[in-house]
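Shown below is the structure under consideration.
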Amino acid sequence: MGVEMEYVVRRILAVIPVVVVVAVAVFMLIHLSPGDPAALMAGDYATTEDIAQLREALGLNEPLWRQFVLWAGRLFQGDLGTSIFTQTPVTTLIAQRLGPTVSIALLTTLLSVIVAIPLGVLAAYRAGGLIDRAVMVFAVLAFSVPVFLVGYLFIYGFSVKLSWFPAQGYVSLSHGFIPWIKSLTLPCVNLALVYIALLTRMTRATVLDVLHEDYIRTARAKGLSVLPVLHHALRNAAIPIATTVGVGIALMLGGVVVTETVFAIPGIGRLVIDSVMHHDYPVIQGVLLISAATYVFINLAIDLTYGLFDPRIRY
């Protein structure tokens, strides 16, 4: 148990430099971008005095290293700054938009894993057959068609023509499970298609490699039935599949912005779009930082699960 805990602690400590680099990168991305942030925030009709006052209020007249130190100090206190456009704390704005985005992310991940892994295993078991080819054609198409195009097709077909689901908007879970799940069905299926395609192809390739191993041939020769064979193959292919789940989350973070825009869902993605349009740099900075940190810690969690699939990794 001591060795396992040491492994976990080492992995967690290894994340700290990554988080620091992410924070520096987010800070530099905003402050070294072309143009004067104060002039962009002030708008086209701002006077020179207005811009100078805004630069002073934002601390942009300070040396860059001092700006970073002050920003990092506020960051350690949980202060991501204040929105220039709404004068609302960034943490409050993010908290208000977090529910829809988390709901979409969780449901999309759950749907993708439930659909993609069985499809990939089935395609690997029937490699070269009709089922395998059909699954691969679906995966290629789902990965190739733009998310926004599929979203608009879903709205036209299932909302406008059939009236099965609402075309746009989000209903919180507090208003009932059925309205909540109906408002999320089209966005989640739309976003899950790319994720399913990626995870299906990786599952098929990995399981197919394992099925060619000698111990699988031996198990088959001894008369082991299909399900136990596939169970052992999937367990030994679990590490690459888990890694792909983490990579898929990165794709999902980008896809959420498009999906929330298409379906008019007031989540983090819409907040980013609105902030970019208003040149609201503190909000953009806060969302980028939280998104990057979330991705880092999700990958840490997936990394720690490797020991469950292969105990040798703990040492």
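Once you keep just the Cα pairs under 8 angstrom separated by 6 or more residues, what percentage relative contact order results for segment 97-308?
Working: 230 pairs, mean separation 61.0, N = 212.
Reported as a whole number, the value is 29 percent.
Taking only the alpha carbons of segment 97-308, what extent do you get along each of the three principal axes, in Å, biggest first?
65, 41, 32
Between Asp209 and Ile12, how many nm apart are label points set 7 Å from Cα along the C-beta direction?
Going by the 7 Å Cα→Cβ label model, 3.2 nm.
Using modelled amide H (1.01 Å from N, peptide plane; none on Pro or chain starts), what sits under 5 Å from the amide H of Ser83, excluding residues fewer than 5 places away?
Distant-sequence amide H within range of Ser83: Thr88, Val90.
Testing the spin-label approximation: label points 7 Å from Cα along Cα→Cβ at Thr92 and Met28. State their distance in nm.
Using points 7 Å along Cα→Cβ, the separation is 3.4 nm.
Which ³J(HN,Hα) values, rounded to whole Hz and listed in residue order, are derived for segment 162-177 from phi using the Karplus coefficients 6.51, -1.76 and 1.60 in 6.51 cos²θ - 1.76 cosθ + 1.60 with θ = phi - 60°, glycine and proline given as x?
Per-residue couplings from phi come out as 9, 6, 7, 10, x, 6, 8, x, 9, 10, 6, 5, 5, 8, x, 5 Hz.
May I ask you to compute the full-extension gain from Trp65 to Gln77, defined as 0.36 nm times their residue separation minus their alpha-carbon distance, rounded to one decimal in nm?
On the way: separation 12, 0.36 × 12 = 4.32 nm, distance 1.88 nm.
Extending this stretch completely gives an extra 2.4 nm.
If I take R0 = 25 Å and measure r between the Cβ atoms of Ser159 and Ile114 in this structure, what FRET efficiency does the formula 1/(1 + (r/R0)^6) give, to the nearest 0.05? Write out the running numbers ahead of the final one.
Details: r = 24 Å, r/R0 = 0.96.
For R0 = 25 Å, the calculated efficiency reads 0.55.
What FRET efficiency would be calculated for the residue pair Val296, Thr261, taking the C-beta separation as r and a Förster radius of 22 Å, to the nearest 0.05?
Taking R0 as 22 Å, the efficiency between Val296 and Thr261 is 0.30.
Using 7 Å Cα-to-Cβ label points, what is the Val21/Gln53 separation (nm, one decimal)?
4.3 nm
What relative contact order, as a whole-number percentage, does segment 71-200 give when Cα pairs under 8 Å and 6 or more residues apart are counted?
Normalised by residue count, the contact order of segment 71-200 is 31 percent.
Where a number appears in this text, it was derived from the coordinates with a stated rule and is not lab data. This is a predicted model, so every value here is computed, not measured. Positions of Cβ are backbone-derived with ideal geometry, glycine not excepted, and every protein chain shown enters the neighbour counts.
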